[in-house]
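The values are calculated or read from the model by the stated rules, or taken from the named source; none is laboratory data. Predicted, not measured: the structure shown is a model, and the values here were computed from it. Here the Cβ is made from the backbone with ideal geometry for all residues, glycine too, and neighbour counts use every protein chain on show.
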Amino acid sequence: MLSTATKDRIRFIQGNEACAEAAIAGGVRFFAGYPITPSSEIAEILSKRLPQEGGKFIQMEDEIASMGAILGASLAGLKVMTATSGPGFSLKQELIGFASLCEIPCVIVNVQRGGPSTGLPTSPAQGDVMQSRWGTHGDHPAIVLCPSSVKEMYELTVQAINFSESLRTPVILLSDEIVAHLYEKVEFPEAADLKLSDRPRPKGPPGEKYLPFAADSLSGVPRIANFGDGFHFNVTGLIHDLDGFPTTDPGKTENLIRRLHEKVNSRLKEICLFETENLEDATTVICSYGATVRSARHAVREAGQKGLKVGLIKLKTLWPFPDFIFEKLEKKVKTVIVCEMNMGQLMREVERASRGRFKVAGVNISRGTMITPQEILEKIERAG
Amino acid sequence: MKELAEVKEHLRLEKFPHIWCAGCGHGIVLQAFLRAVLDLGLDKNKLVVVSGIGCSSRAVGYIDFDTLHTAHGRAIPFATGIKIANPSLTTLILTGDGDIAAIGGNHLIHAARRNIDLTVVVFNNFNYGMTGGQYSPLTCEESFTSTDPYGHIESPFDICSVVRAAGATYVARSTTYHALQLPRLIADGITHHGFSLIEVITGCPTYYGKFNEMANPVKMLEWQRDHAVNLKQYQILSEEERKGKFAIGLIYSDQAPEYTDEYTKLIQKAKGTARNSSE
C-alpha cells in the first residue's frame, strides 16, 4: 500500500503542467509571458500557483517585454522563467543574447510548433533545434534541454533552472507540442530530494573590489550580487570589462567571449544528458530526441523482435552537442539513423561527429504529425 | 539645491571622459537628475537606474548606483521586472526619444497603463544622435534630419499626452534651458507613487542643430527659451498662438492604484485561496 504522502505525489498530468510545477519546485519565483499556444498552459498555471508561493506572475505586452522582465527580475535576485512557442521564440532572441553576454540566469521554455512563420498552430514539430543554438546574433554558447515525456518535462525543467543558476547563463527547455500536451502519470520527487542550485554570490558585504564579471579561472562563473544589495554595479549589453563597464580592448573582449564558451564547453560531461538502449551489439543505432523518441523506441523494439540488432540513443541535451557519444560508438555500428520532425537539423551534427566512421541517415518529417514507428522501421530495414 | 561638489560625488569620474559631444545637453539633464536624487535624500543602495540604447542611455555608466544598460527600447521591461521582483527598490529610467517612443513605444504605454511605480526621464533631442541624426517619433514637422533631406512630413508624438492618455499619473516637461526648474520636476516624479514621466527637451548641436540652423549649443538653448511656455500661460493661448510652442511644468498629476501594491494584495488573496483549498 502506498502512503498518503506518496499518493499525493503521484499525479496524472499534462507536460505543460509538469513544467509549471517543476518551476515552482525548482525555486522560480518570477514568470513573465505572453499568450501563445501550445505553451499557454504554463503561463495559466503559474498565474495561479506563483502568488500562492509568494512569487510573481505578469503577462507582458509582448514576447520581447516578457524576456526583458525576467532578466530584470533575475538581476533583482529571483529565479526566473518565461515560456513561449515558435513565433514568440523568434521575438525573444535578442534578449537571450543579452542574458548570455551579461550572464543573467534565466530559463526560456520553447514548446515547438510547426513553422516557419505562424506555421501550424498548434501541431508538433522540431524545427527550432538550430534556432535554439544560433537564434541570437553573435558568437555565444547555448544550453538546450529536450524532454521526451511528462516526467522528463518535470526533471529537465528543474535541471534547466539549476544549470542557469550555477553557470549564470540562459538555458532553453526545447519541448514540443506532443510532450507539452501529453498526459502521463508522474511521481513527483519529495521536495527534500530535489537538488537545487543557486547562483554564486559575492563572498562578503559590498566593498571596493566587487567585480561582477571576474571569474577565478578561464572557465569560471563570476559571482553575482542582487540589485539593491549595495554593490552599485553596472550591467551592459556592450562588451564589458571585469567591472561591468564597456570596453573595446581586443584582449579583454577575447577573454570574455572565450570564458563564456569555456564555461559551458569545460562541463560537457555534466551538461550532456542522454540515455542509451541496446548499444552493446547494435549494428544500426537510432538517435532521437523529444516526442520522436517515443516512436523510435517502439521501432527499436519491433526491429529487435525481427532479429535486427538496433540500439537507441536518446538525447536529453541537444546543445552543447555531445560529440563524445558518437566518438565512442562501437566499430560494428554501420549506420546511425537520426529521427526528427524537421528536415535534418540534428542529423548534420551527427554526421559531423561521425567523422566518416559510420553512415548517417535520417527520418525527416515536417508535416505537423508525429513520425510513426513504421516509418522508422522501414528505414531500419533499408539500412540492413 | 545641492552644491556641484556633492553632485560630483555620485559620478563615476573614473569612467570619464563621457561619450557626449561638446555642446550636448545631456550633461545638464544628468546633473538635474542627480540633484533631484540627492535633494530627496534617497537610500543610494535601494536605487536602480535603467536605460536603453542611445546617447542618453549611456548616462547610467557614469552614475554610482546599481545601473543597467539594456537593449534598444527595452529599459521599461527590464525595470518592470526589477520593480515587481523587489518593490522596495526605487527604479528610475533614463532614455532618449527614439529609444522610448519608437522601438520602446509599446512598453511605454503599457507601463503607464499599469501605473507601475517607475520614473522615466526622456532626453528628447528630436533625433537619433548616436547613429548620425536620423528622425525619431518626436522630430518636429518640417525640420531636417539625416533621413529627412526634404523636410520631415510626419507629425510627432506629444509624448506627455501619449502617456497621460495611457494612464500615467505624473507627467511633466521641461528643457535644459530651464535648468533650475528641472530637478524639482524630476524629484516630484520620483516621489510620486505611480508611473511618472518627465520629458526634457535637450540640444544636439552636432546633428539636429546642424541640420536646422542651430549648429551651436547656445542657439539650441535659445530655441528652447523661445518656444517653451509655462503651462498656465500656454492654457490661455489661442490655437494660432500655440503653434510651434510647447508647455513646460507639471502637465498632469493624479492618484490611482499602483501595480506592485495591487500585486501584493493579489498575493494575499492567492495565499488565502491556497489555504482554503488545502483545508
- request: Considering only residues that are part of a helix (DSSP H, G or I) and surrounded by fewer than 19 Cβ atoms within 10 Å (Cβ to Cβ), look in the stretch B:32-57 and name the one that is nearest to the other protein chains (Cβ to nearest Cβ).
  value: B:Asn45
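Determine, yes or no, whether A:Arg49 is among the charged types (D, E, K, R), in contact with a strand residue (DSSP E or B) (Cβ under 6 Å, 6 or more places away or on another chain) and at negative phi.
Values: among the charged types (D, E, K, R): yes; in contact with a strand residue (DSSP E or B) (Cβ under 6 Å, 6 or more places away or on another chain): no; at negative phi: yes.
Taking the combined requirement at face value, the residue does not satisfy it.
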- prompt: What do you reckon, is A:Val235 more than 14 Å from every other protein chain (Cβ to nearest Cβ) and at pLDDT 95 or above?
  reply: no
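Answer yes or no: is there a residue in the stretch A:178-187 that is within 17 Å of A:Thr82 (Cα to Cα) and surrounded by 20 or more Cβ atoms within 10 Å (Cβ to Cβ).
Scanning the stretch A:178-187, I find at least one residue that is within 17 Å of A:Thr82 (Cα to Cα) and surrounded by 20 or more Cβ atoms within 10 Å (Cβ to Cβ), so the answer is yes.
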message: For the stretch A:104-207, give me every one of the helices (runs of 4 or more DSSP H) that falls completely inside it and has 1 or more residues that are among the hydroxyl-bearing types (Ser, Thr, Tyr).
response: A:129-134, A:150-167
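So, A:Leu174, is that one in contact (Cβ under 8 Å) with a residue 40 or more places away in the chain, away from chain B (no Cβ under 14 Å), out of contact with any Lys or Arg (no Cβ under 9 Å at 6 or more places or on another chain) and more than 26 Å from A:His140 (Cβ to Cβ) or not? Write out each step before concluding.
Details: in contact (Cβ under 8 Å) with a residue 40 or more places away in the chain: yes; away from chain B (no Cβ under 14 Å): yes; out of contact with any Lys or Arg (no Cβ under 9 Å at 6 or more places or on another chain): yes; more than 26 Å from A:His140 (Cβ to Cβ): no.
No; evaluated as a whole, the condition is false for this residue.
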task: Identify the residue in the stretch A:72-87 that is away from every other protein chain (no Cβ under 13 Å) and buried (at least 24 other Cβ atoms within 10 Å of the Cβ) and, among all such residues, is nearest to A:Pro222 (Cα to Cα).
output: A:Ala83
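Condition test on A:Gly114, is it under 17 Å from the mean Cα position of the chain (by Cα) and more than 8 Å from every other protein chain (Cβ to nearest Cβ)?
On the way: under 17 Å from the mean Cα position of the chain (by Cα): no; more than 8 Å from every other protein chain (Cβ to nearest Cβ): yes.
It is false that A:Gly114 is under 17 Å from the mean Cα position of the chain (by Cα) and more than 8 Å from every other protein chain (Cβ to nearest Cβ).
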Tally of residues being more than 8 Å from chain B (Cβ to nearest Cβ), touching a residue at least 40 places away in the same chain (Cβ under 8 Å) and either within 20 Å of B:Asn115 (Cα to Cα) or of a type outside the set (D, E, K, R) (or both) across the stretch A:16-66: 18
Exclusive hit being at pLDDT 95 or above, more than 7 Å from chain A (Cβ to nearest Cβ), surrounded by 24 or more Cβ atoms within 10 Å (Cβ to Cβ) and closer than 30 Å to A:Pro51 by Cβ, set B:Gly73, B:Gly81, B:Gly98, B:Gly105: B:Gly73
message: Looking at the stretch A:289-343 only, could you name the residues that are under 27 Å from A:Arg367 (Cβ atoms), touching a helix residue (DSSP H, G or I) at 6+ places or on another chain (Cβ under 7 Å) and surrounded by fewer than 19 Cβ atoms within 10 Å (Cβ to Cβ)?
response: A:His298, A:Glu302, A:Leu308
query: Of all the residues that make up the stretch A:72-109, how many are in contact with a Gly (Cβ under 8 Å, 6 or more places away or on another chain), over 24 Å from A:Leu211 (Cβ atoms) and among the polar types (S, T, N, Q)?
result: 4
task: Six or more apart or on different chains, Cβ under 6 Å: which pairs go from a residue in the stretch B:158-187 that's of a type in the set (Phe, Trp, Tyr) to one that's outside any helix (DSSP H, G or I)? Could you list them?
output: B:Tyr170/B:His192; B:Tyr170/B:Ser196; B:Tyr170/B:Ser253
statement: Taking the stretch A:238-270 and keeping residues within 14 Å of chain B (Cβ to nearest Cβ) and outside any loop (DSSP other than H, G, I, E, B) leaves A:His240, A:Pro246
field: Given (1) surrounded by fewer than 21 Cβ atoms within 10 Å (Cβ to Cβ); (2) under 14 Å from the mean Cα position of the chain (by Cα); (3) polar (S, T, N, Q), index of the condition B:Gln181 fails
entry: (2)
task: Read through the list (1) at the interface with another protein chain (Cβ under 9 Å from one of its Cβ atoms); (2) surrounded by fewer than 24 Cβ atoms within 10 Å (Cβ to Cβ); (3) outside any loop (DSSP other than H, G, I, E, B), then give the number of the only condition that B:Ser88 fails.
output: (3)
task: Output the qualifying pairs, or none if there are none: Cβ atoms under 9 angstrom, residues six or more apart or on different chains, first residue in the stretch A:210-222 and farther than 21 Å from A:His232 by Cβ, second residue β-branched (Val, Ile, Thr) and not in a loop (DSSP other than H, G, I, E, B).
output: A:Ser219/A:Val264
message: Given the criterion free of Cβ contacts under 8 Å to residues at least 24 places away in the same chain and over 27 Å from B:Ile19 (Cβ atoms), identify the matching residue among B:Ile116, B:Ile153, B:Ile109.
response: B:Ile153
query: Only one of B:Thr145, B:Thr139, B:Thr131, B:Thr67 is among the polar types (S, T, N, Q) and not in a loop (DSSP other than H, G, I, E, B); which?
result: B:Thr67
